[in-house]
Amino acid sequence: MDLETVGGLVLHTILSNLTPKDTAIAACVSNKLKSSASEDILWSKFCSQELDLNEPIDPLGNPTPSFKACYQAWREAFSMYPWPLVMRVKKCWGRLKNWLSINFPEAEATLRKGVSEVEIQESERILKVKLPLPTRILYRFCDGQEINAKKSSGSAGGSLLGLIGGYSYYSHLVNVFLLPLNEVVSNTKPIIRQIGFSSRSKYIVVAFSHTETEKFFFLNCTTGQLHVGTVNLATEGEMIPCVPNALISSVHDSNGDQQQDAMLLWLEEHARRLENGMIKLREERGTRSISLFPEEPPFCSTAITNGVKVRASAVFVPEIADLQNENAKYTFSYSIRMSLQREGCVINGIPFSSCQLNWRHWIIRANDHVESDFNAEAVIGKYPLLLPGEREFVYESCTPLPTSLGSIEGSFTFVPGRLADPKGAPFEVEVARFPLQLPDYIF
Amino acid sequence: MKFCAVKQYFDDENNNNITSGASTTMIPLPNVESHPLAILITYCKKHLKIKANNADNKKETEKEMEQYEQELLKKVMPQELTELILAANYLNFKEALDFFCRAVASAIQNKSIEFVRKFFGLESDFELGEEEKLREEFAWSFEGVDED
């Protein structure tokens, strides 16, 4: 049978149905196949499908002469890892970087270039650990964030660029950065010693909050699970796992089918939440940061009464959790946002051009049991005055809970006009019930 | 468009004003063996029939066609595929050509260089040492290849 007589077009049709691997094998068969298999249009398709590349750029960011050379360069640079895992990690970083470049470029600028195999091996040697496979590849693509980034206005400016983001209530402020490998190395030993773990511990510090409030994330290199320190971290070494255990698998097994460790799962979940708008960027006093307060149902509730809109959601605060305190094991911070619609405050058909908060009525439940039900003046000591169409008035507070599940709901009492000059009778504005829930992914 | 080469022939005939006897005209196809031609004709007829049965439903047509193609593949030897490709190519029968090309691609999926050579009846015509160089260049592609 004579394939020699068949035209290039037919060969091209056959080859265009092959995987990169089979195309490469075809290129080693004979001169004719080698020529057909080397057509760059085939390799540009592979670069696009597997690496999301529309231009031939090698792993170090340098352009290559062809897509074929480009694909080769990537396969060779990552030949020590299972290729499907490499593609998966690349996609994860791609999603995060893409979201940042569109929404938060000042944070994207802090991301460091990936480290080399040599640097990973050196870090493992000093730390006396073996990094889980997915984490190694994560560092090959991106070496965490530059912490001493150029500071924008005010000393807080530089420290709110954490990729993982955070929240603040009263004086408690966290914003979590991913550490570069050299910071992982220099921070792990002193912190591990401080919390009383053995020097042969397989925990390494991979992320922490770059603010006065302490919040540390540890990766267990043996199990591949990520943990966050609770309030008892320094005294008891107490930590909470951040990712569902059942999902972690084959973290050290090159031949395994689907390797995934907590770092990869955690970052993939974070990318998902950013992409679907569950968490968003928040701007406070001119500085932007990623806020972990949910913005979408079912975790964020919305209610509109007489033109007053109230949105409410809560976030679990692991660094304050106290697993040994039966009454206040879990702490949640919640964020309440209120605003007045453009039409103003309309009560029984009569419009008012402003309204002001006077009282709050709060019902906090642990499971379905009412923990507290109280009325009090103001919110965090303030009496917000709402004007039509203005930015939301936002405030945060917190509540401890003995259980991992609960809820808050309530109402605010407003007066139309102002408290100093009421234009009508006070009215109640609903705060729709929102959940307090220990999440399966903890950030 | 099926059997474009043959249709071409008819068009040419019409242009020469030979109208009658079309059903008894013999069309020379020197480059096509009878066996692959028979398969192609069956394929074509089947495709038209399925299309007629599922007049507006493109999805149904595709599904039924896929089922037929799977059945057909079971009866055809892998070695015959190259003949079928050459025949479909000569006759300018695009759908059949695409299908058989896909079938060949499946047949050589995850196979070794030697297997692919044997399959296509090719010899290595590389210069001395060139194949070694190529194998090094594509080292990443040799993992997990099927046993011959």
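Details
- Residue match in the range A:46-53 (condition: over 17 Å from residue B:106 (Cα atoms), of a type outside the set (Asp, Glu) and within 7 Å of chain B (Cβ to nearest Cβ)): no
- In summary, residue A:404 fulfils each of the numbered conditions (1) at positive phi; (2) touching a strand residue (DSSP E or B) at 6+ places or on another chain (Cβ under 9 Å) with the single exception of condition (1).
- Where a residue in the range B:126-148 is within 7 Å of chain A (Cβ to nearest Cβ) and its partner, wherever it lies, is modelled with pLDDT of 90 or more and assigned to a helix (DSSP H, G or I), with Cβ under 6 Å and at least six apart: B:138/A:24; B:140/A:75; B:141/A:21; B:141/A:24; B:141/A:25
- In the range A:296-338, the residues that are within 24 Å of residue A:171 (Cα to Cα), in a strand (DSSP E or B) and polar (S, T, N, Q): A:313, A:331, A:333, A:335
- Looking only at the range B:83-109, and only at residues there that are touching an Asp or Glu at 6+ places or on another chain (Cβ under 8 Å) and within 7 Å of chain A (Cβ to nearest Cβ), the one that is surrounded by the most Cβ atoms within 10 Å (Cβ to Cβ): B:86
- Looking only at residues of the range B:71-82 that are free of Cβ contacts under 8 Å to residues at least 40 places away in the same chain and more than 13 Å from residue B:46 (Cα to Cα), we find that the one that is surrounded by the most Cβ atoms within 10 Å (Cβ to Cβ) is B:81.
- For the range B:104-148, a residue qualifies if it is part of a helix (DSSP H, G or I), under 24 Å from the mean Cα position of the chain (by Cα) and under 14 Å from residue A:19 (Cα atoms), and the qualifying residues are B:104, B:105, B:106, B:107.
- Residue check, residue A:28 surrounded by 18 or more Cβ atoms within 10 Å (Cβ to Cβ) and either modelled with pLDDT of 95 or more or aromatic (Phe, Trp, Tyr) (or both): no
- Failed condition for residue B:119, given (1) surrounded by 18 or more Cβ atoms within 10 Å (Cβ to Cβ); (2) under 24 Å from residue B:48 (Cα atoms); (3) more than 7 Å from chain A (Cβ to nearest Cβ): (2)
- Residue in the range A:103-111 that is touching an Asp or Glu at 6+ places or on another chain (Cβ under 8 Å), over 23 Å from residue A:270 (Cα atoms) and of a type in the set (Val, Ile, Thr) present: no
Yes or no, residue by residue, for (1) farther than 16 Å from residue B:104 by Cβ; (2) without any contact (Cβ under 8 Å) to a residue 24 or more places away in the chain:
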{"residue": "A:6", "(1), (2)": "no, yes"}
{"residue": "A:24", "(1), (2)": "yes, yes"}
{"residue": "A:28", "(1), (2)": "yes, yes"}
{"residue": "A:39", "(1), (2)": "yes, no"}
{"residue": "A:49", "(1), (2)": "yes, yes"}
{"residue": "A:56", "(1), (2)": "yes, yes"}
{"residue": "A:62", "(1), (2)": "yes, yes"}
{"residue": "A:66", "(1), (2)": "yes, no"}
{"residue": "A:71", "(1), (2)": "yes, no"}
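- Some residue of the range B:84-92 being in contact (Cβ under 8 Å) with a residue 40 or more places away in the chain, in a loop (DSSP other than H, G, I, E, B), in contact with a helix residue (DSSP H, G or I) (Cβ under 6 Å, 6 or more places away or on another chain) and of a type outside the set (Lys, Arg): yes
- The single residue among A:74, A:83, A:99, A:93 that is facing another protein chain (nearest Cβ under 10 Å), within 23 Å of residue A:264 (Cβ to Cβ), modelled with pLDDT of 90 or more and surrounded by fewer than 21 Cβ atoms within 10 Å (Cβ to Cβ) turns out to be A:83.
- Of the residues A:246, A:234, A:207, the single one that is surrounded by 22 or more Cβ atoms within 10 Å (Cβ to Cβ) and either over 26 Å from residue A:325 (Cβ atoms) or of a type outside the set (D, E, K, R) (or both) is A:207.
Residue-wise test of (1) in contact with a helix residue (DSSP H, G or I) (Cβ under 6 Å, 6 or more places away or on another chain); (2) modelled with pLDDT of 85 or more; (3) not acidic (Asp, Glu).
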{"position": "B:61", "(1), (2), (3)": "yes, no, yes"}
{"position": "B:66", "(1), (2), (3)": "no, no, no"}
{"position": "B:77", "(1), (2), (3)": "no, no, yes"}
{"position": "B:112", "(1), (2), (3)": "no, yes, yes"}
{"position": "B:117", "(1), (2), (3)": "no, yes, yes"}
{"position": "B:145", "(1), (2), (3)": "no, no, yes"}
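- Checking residue A:109 against (1) away from chain B (no Cβ under 13 Å); (2) buried (at least 16 other Cβ atoms within 10 Å of the Cβ); (3) small (Gly, Ala, Ser), the condition it does not meet: (2)
- Residues of the range A:17-40 classified as more than 8 Å from every other protein chain (Cβ to nearest Cβ) and hydrophobic (A, V, I, L, M, F, W, C), total: 1
- Condition check for residue A:48: more than 30 Å from residue A:248 (Cβ to Cβ) and touching a Lys or Arg at 6+ places or on another chain (Cβ under 9 Å): no
- Residue in the range A:138-151 that is at pLDDT below 95 and hydroxyl-bearing (Ser, Thr, Tyr) present: no
The values are calculated or read from the model by the stated rules, or taken from the named source; none is laboratory data. As the structure is a prediction and not an experimental result, all values here were calculated from the model. Quick reminder, even Gly has a Cβ in these numbers, built from the backbone with ideal geometry, and neighbours come from all protein chains shown.
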